[in-house]
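Report on the following structure.
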Amino acid sequence: MQSNDRRPPRVPHSDLADLLVARLRESYGAAADAGRAGPMAAYMKDVSPFLGIPTPLRRELSRTVTKDTPKPSETDCAALALRCWELPEREYRYFAVDYLRRHVSRCSSGFLPVVRHLIVTVPWWDTVDLLAAHTVGPLVAADPALTAVMDEWIEDEDLWVARSALLHQLRYKSATDAGRLFAYCRRQSGHPDFFVRKAIGWCLREYAKTDPGAVRAFVTAERESLSPLSVREALKNTGGA
């Protein structure tokens, strides 16, 4: 795998993806609600158009779309995700994110470049955070050699890639590599963007559920370099201040 290859991934052929996308467009298209679409897009700062399907209905429709379909291969996952990302409305990407979360165990370390493409293409927190925690995280856990790629991502100029590196251990709990977590937070502590500073606080707060003393000690040592936002988020529910 060439982690520095930034060419858009080729969409592979997949009969399963063809079937799912056809069902998806028919099901979601029939449920589109223009009256809801505008406010939903505005809430997400108009990063993408929306169909206007509320989350409970979207999940119900998604279950219908995937009903009686086989477990996907890695190729199927790549084709489905990349094709959903080609569709303009945000709900199609939500379907892909949920699908990858459910089937990430079917994917190898070679799938990571596809996920990076999803992260940087029309990025916003609604897709990036779930991809980071529920797709990138499990891929790295399954292949520790990918920590070298995360070490590259934390240095990336794209704030969403750096945010993903910060958040990829979000669900690791006691399996968290605390040294790497703290090093990543230290590396980006001076980042000017809200989303990176928020991610620093969020990943520290999550790890504090496992080791609050370590997080308090880290924040105390790095308080001058960490933003007030990062400190405030990190120390929630730890008894720190």
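General remarks:
- Summing charges over all other residues whose Cβ lies under 11 Å from the Cβ of S105, with Lys and Arg as +1 and Asp and Glu as -1, gives +3.
- Measuring nothing but how far apart in sequence close Cα pairs (under 8 Å, 6+ apart) lie, relative to its length, the chain scores a relative contact order of 14 percent.
- Under the criterion of Cα pairs below 8 Å and six or more residues apart, the relative contact order for the range 108-173 equals 39 percent.
- Note on the chain: with charges restricted to the Cβ of Lys and Arg (+1) and Asp and Glu (-1), its dipole about the Cα centre is near 620 debye.
- Local charge for M40 was computed over the other residues whose Cβ lies under 12 Å away, with Lys and Arg +1 and Asp and Glu -1, and equals -1.
- The distance from the alpha carbon centre of the range 142-171 to that of the range 210-241 is 21 Å, rounded to a whole number.
- Once all protein chains are placed together, E74 keeps about 50 Å² accessible to a 1.4 angstrom probe.
- Close Lys pairs in the chain (alpha-carbon distance under 25 Å; sequence gap of 8 or more, or different chains): 7.
- Cα-based helix-to-principal-axis angle, 15-31 vs the chain, degrees rounded to 10: 90
- Dividing the C-alpha radius of gyration of the chain by 2.2 N^0.38 Å, with N its residue count, gives 1.06.
- Angstrom value of the Kirkwood radius, inverse mean 1/r, which spans all Cα pairs in the range 156-206: 10.8
- Positive minus negative residues near R197 (Lys, Arg vs Asp, Glu; Cβ under 15 Å): +3
The values are calculated or read from the model by the stated rules, or taken from the named source; none is laboratory data. Model, not experiment: these values are computed from the prediction. Here Cβ is always computed from backbone atoms with ideal geometry, including for glycine, and neighbour counts include all displayed protein chains. Ligands, DNA and RNA are excluded from the accessible area calculation, which covers all protein heavy atoms including side chains. Shrake-Rupley method; radii C 1.70, N 1.55, O 1.52, S 1.80 Å.
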